[in-house]
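What follows is a single structure, written as structure tokens, with notes after it.
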Amino acid sequence: MGIQVAVAGASGYAGGELLRLLAGHPEFDLVAATAHSQAGTHVAAVHPQLAGLDLTLGATDAAGLSDADLVFLALPHGQSAALAAQLPESVKIVDLGADFRLQDASLWERYYGGTHAGTWTYGLPELPGQREQIKAAGRVANTGCYAATITLALAPLIAAGLADPADVVVVAASGTSGAGRSAKVNLLGSEVMGDLSPYKVGAHQHVPEIKQATGATSLSMTPVLAPMPRGILATVTARPLKNQDPRKVLQMAYADEPFVHVLPEGQWPHTAATAGSNSCHLQATVDVDSGRIVVVSALDNLGKGAAGQAVQCANLMFGLPETAGLSVYGVAP
């Protein structure tokens with residue numbers, strides 16, 4: 001028998017993507033999946049794409065998860081900490097929620113509300129030194145979807161002293177699955193199709209996470225809801241501090257990374273190319289008029305932005321090949 005894993009919050013979009021990835025993983029054995037309102041329901045009734053997976057959703061409690069070697073928590077923000085506290089220390093955890101991402105308790109209270117639960121190892125392996133920390137960790141806080149998209153585009157430029165950390169502007173469009181699976185009027189098909197709409201302008205909860213991960217000190221972010229089910233496309237601009245090619249800086253930073261691809265010159269990222277994969281596509285240039293650095297970043301918000309990233313971290317935590325069970329390549333058309 002392989003490594004036994006369980007998923008809490010398996011009825012959501014990220015939870016369903018986790019189940020799909022784990023069902024095809026060469027080393028992880030999916031032994032349990034839980035959901036609050038869908039407990040007792042066969043998984044294929046909740047996720048039709050998983051027809052053939054013989055699994056019934058259980059109640060979300062520690063008793064149904066404690067026998068696993070690893071538990072993925074795919075719960076709403078603010079709900080992971082209580083469940084994690086009930087699991088044995090011997091059970092490794094990857095939390096897809098925001099509960100343990102932030103180091104500053106005051107920022108948690110400002111952007112999420114309530115009491116800060118603490119800080120776990122941050123789950124973005126491509127950051128310098130982070131891979132080794134994840135390998136040694138028993139508890140990992142997975143990145144947010146916008147945070148992964150923007151951090152991968154920005155962090156190497158700030159680290160190289162090329163981008164001004166005090167002058168970063170981001171406009172990023174996300175598919176509707178990023179808002180979760182709960183029924184909301186603004187996410188109805190008739191409301192979303194044929195429309196682009198900004199939301200949480202000037203106060204998105206991923207801003208402090210991005211600043212923490214990249215070293216940015218000032219970041220203006222405008223998120224946009226796009227009429228598509230999955231994917232994120234972020235345009236990141238920053239004031240340059242020296243004359244250096246940002247594309248070459250990104251190439252050097254990610255030369256040995258299996259999931260981050262700096263595209264050939266003239267080729268720009270788009271969301272469909274990353275769908276179903278754990279990859280992030282990047283391209284960079286310098287604006288000929290303003291002189292600002294421009295980086296465009298695309299990934300699947302349910303893949304590298306959530307479930308795929310979580311599996312990548314879990315692979316590291318158990319000493320497995322980092323790419324196990326994950327696709328570098330997208331699905332098209």
- Any idea which residue in the range 153-196 is modelled with the lowest pLDDT, counting only those that are under 23 Å from residue 276 (Cβ atoms) and surrounded by fewer than 13 Cβ atoms within 10 Å (Cβ to Cβ)? 189
- Message: Cβ-Cβ distance below 7 Å, separation of 6 or more or different chains: which pairs start in the range 199-217 with a residue that is in the same structural domain as residue 77 (by TED's automatic domain parsing) and end on one that is in a helix (DSSP H, G or I) and surrounded by 14 or more Cβ atoms within 10 Å (Cβ to Cβ)?
- Response: none
- Do you know which of the residues in the range 202-219 that are within 20 Å of the chain's Cα centre (by Cα), on the phi < 0 side of the Ramachandran plot and not in a helix (DSSP H, G or I) is surrounded by the fewest Cβ atoms within 10 Å (Cβ to Cβ)? 203
- Item | Candidate set from the range 220-244 (those that are surrounded by fewer than 14 Cβ atoms within 10 Å (Cβ to Cβ) and touching a residue at least 24 places away in the same chain (Cβ under 8 Å)); member that is farthest from residue 308 (Cα to Cα) | 242
- Message: Among the residues in the range 114-137, are any at pLDDT 95 or above, within 19 Å of residue 76 (Cβ to Cβ), under 16 Å from the mean Cα position of the chain (by Cα) and assigned to a helix (DSSP H, G or I)?
- Response: no
- Message: Quick check on residue 233: is it assigned to a strand (DSSP E or B), at pLDDT 95 or above and not charged (D, E, K, R)?
- Response: yes
- Message: If I filter the range 245-280 down to residues being buried (at least 18 other Cβ atoms within 10 Å of the Cβ) and aromatic (Phe, Trp, Tyr), which single residue comes out as farthest from the chain's Cα centre (by Cα)?
- Response: 254
- Which ones in the range 313-328 are surrounded by 15 or more Cβ atoms within 10 Å (Cβ to Cβ), in contact with a helix residue (DSSP H, G or I) (Cβ under 9 Å, 6 or more places away or on another chain) and polar (S, T, N, Q)? 327
- Note on the structure: With the first residue restricted to the range 97-121 and required to be exposed (fewer than 13 other Cβ atoms within 10 Å of the Cβ), and the second required to be among the aliphatic types (A, V, I, L, M), Cβ contacts under 6 Å at 6 or more apart or on different chains are none
- Item | Single residue of the range 281-333 satisfying the filter (over 24 Å from residue 10 (Cβ atoms), among the β-branched types (Val, Ile, Thr) and part of a loop (DSSP other than H, G, I, E, B)) that is farthest from the chain's Cα centre (by Cα) | 288
- Task: Quickly run through the range 185-195 and pick out the residues that are of a type outside the set (S, T, N, Q) and over 22 Å from the mean Cα position of the chain (by Cα).
- Result: 185, 188, 189, 191, 192, 193, 194, 195
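The values are calculated or read from the model by the stated rules, or taken from the named source; none is laboratory data. A quick note: this is a predicted structure, and the numbers were derived from the prediction, not measured. For neighbour counting, all protein chains shown are included, and Cβ atoms are generated from backbone atoms with ideal geometry for every residue, glycine included.
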